[in-house]
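Notes follow once the structure below has been shown.
The values are calculated or read from the model by the stated rules, or taken from the named source; none is laboratory data. Please read these numbers as outputs of a predicted model, since none were measured by experiment. With ideal geometry, Cβ positions are generated from the backbone for all residues, glycine too; neighbour counts draw on all protein chains shown. For accessibility, only protein heavy atoms count, side chains too; no ligands or nucleic acids. Shrake-Rupley method; radii C 1.70, N 1.55, O 1.52, S 1.80 Å.
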Amino acid sequence: QGKRGTMDIVVYSGEQAAQPHQWLVVQAELRHALERDELILHYQPKVGVSDGTVRAVEALVRWQHPERGLVPPGDFLPAAEHSGLIVPLTEWVLRRALTDQLGWTAAGKRWVVSVNVSARNLEVPGFPGLVAGLLAEHRTAPHWLMLEVTETALAGDTDTVQRAIAELSALGVGISVDDFGAGYTSLSHLRGMPVAEIKIDRAFVKDVAHDPQSRAIVRSVIELAHGLGSRVTAEGVETAEVYRWLIEAGCDEAQGYLIGRPVPWPQVEPDFSLPVID
Ligand code: C2E
Ligand code: CA
Ligand code: CA
Ligand code: CA
């Protein structure tokens with residue numbers, strides 16, 4: 001696949017010797033997967049809680065393996081992160097996501113595209129420049145792109161990461177704090193950080209219908225997010241009961257199997273019918 005000329009493969013050979021054999025196999029195969037274009041993106045809708053319309057779709061990578069079938073990201077992202085292959089992988093994801101975004105925009109859909117980035121990406125000094133270049137290449141206005149960074153990645157809190165977040169935000173790209181509540185970030189990390197969205201981890205969301213403590217945590221995160229001027233999204237919404245609770249709690253957006261599973265973009269449902277409130 002020669003046209004992706006910028007896909008330099010970064011391998012930290014010093015670390016390789018210590019890795020289990022299996023990881024070396026995954027890494028070698030993953031390198032081929034990138035070259036042979038075996039990765040695909042599925043998109044999961046994120047809806048406004050008030051009206052149920054799709055606001056954004058999140059790109060979730062899968063590996064269409066010739067023998068093993070559709071491999072979920074949890075099975076190869078750790079190896080990609082460890083080897084540095086996450087760098088060209090993320091560039092591939094960004095390119096594909098921005099191209100797909102042009103596709104649904106042409107079809108009349110006003111959906112932001114959310115892309116997950118790892119801490120490793122933010123530590124590469126040229127990353128904000130890469131994003132700016134890709135936006136220009138696709139003639140996409142920056143507010144159509146959101147980057148989801150896990151709370152844990154932000155906790156790495158190096159100057160490089162902070163600077164990358166500031167630069168990306170200055171470009172006009174939205175920054176989302178993913179899996180909020182699951183990591184170890186002290187709240188002080190959020191101070192001064194330009195955060196457009198906070199996503200509450202599924203671990204808390206899934207229990208709000210029954211568990212008073214989860215409810216208290218989700219309520220606090222909603223209040224915190226709003227206090228910081230961010231929108232708040234609940235992830236992992238699986239039941240109408242949870243969705244109804246989120247409406248009342250003042251959550252802005254919701255995502256989860258109730259609303260839609262990750263699918264290739266033409267299959268994303270344009271609207272989902274709101275659960276009846278009684
Ligand atoms: P995430 O960013 O927290 O994404 C949500 C994960 O939960 C996805 O799993 C999604 O399919 C799943 N999910 C969504 N709604 C529900 C629900 O209602 N119930 C349950 N049980 N699960 C739900 P997936 O696609 O396997 O991705 C796992 C993780 O892999 C993602 O977690 C993200 O951290 C990472 N990931 C996926 N794609 C990329 C990528 O392109 N780049 C990077 N750096 N990471 C990615
Ligand atoms: Ca995410
Ligand atoms: Ca998440
Ligand atoms: Ca998660």
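What to note about this one:
- Dimensions (Å) - the range 172-235, Cα atoms, principal axes, largest first: 38, 20, 19
- Largest first, the residues 35, 137, 148 sort by 1.4 Å accessible area into 137, 35, 148.
- Loop-exposed trypsin sites (Lys or Arg not before Pro) per DSSP, neighbour cap 14 Cβ within 10 angstrom, longest uninterrupted part of the chain: 192-278
- Each principal axis of the chain carries a Cα extent, and these read 57, 41, 37 Å when sorted largest first.
- The chain - share of DSSP beta bridges that are antiparallel (%, nearest 5): 40
- Most fluctuating residue given options 124, 93, 218, as computed from a GNM of the chain linking Cα atoms under 10 Å: 124
- Principal-axis tilt of helix 212-227 within the chain, Cα atoms, nearest 10 degrees: 80
- In degrees, nearest ten, helix 127-138 long axis to first principal axis of the chain (Cα): 80
- Our Cα-only numbers for the range 118-247 put the radius of gyration and Dmax at 15.7, 49 Å.
- Heavy atoms of residue 144 accessible to a 1.4 Å probe, total area in Å² rounded to 10: 50
- Close amide H partners of residue 55, meaning residues 5 or more places away or on another chain with modelled amide H under 5 Å apart, are 46, 47, 48.
- Folded to 0 to 90 degrees: helix 86-106 orientation relative to the chain principal axis, Cα: 60
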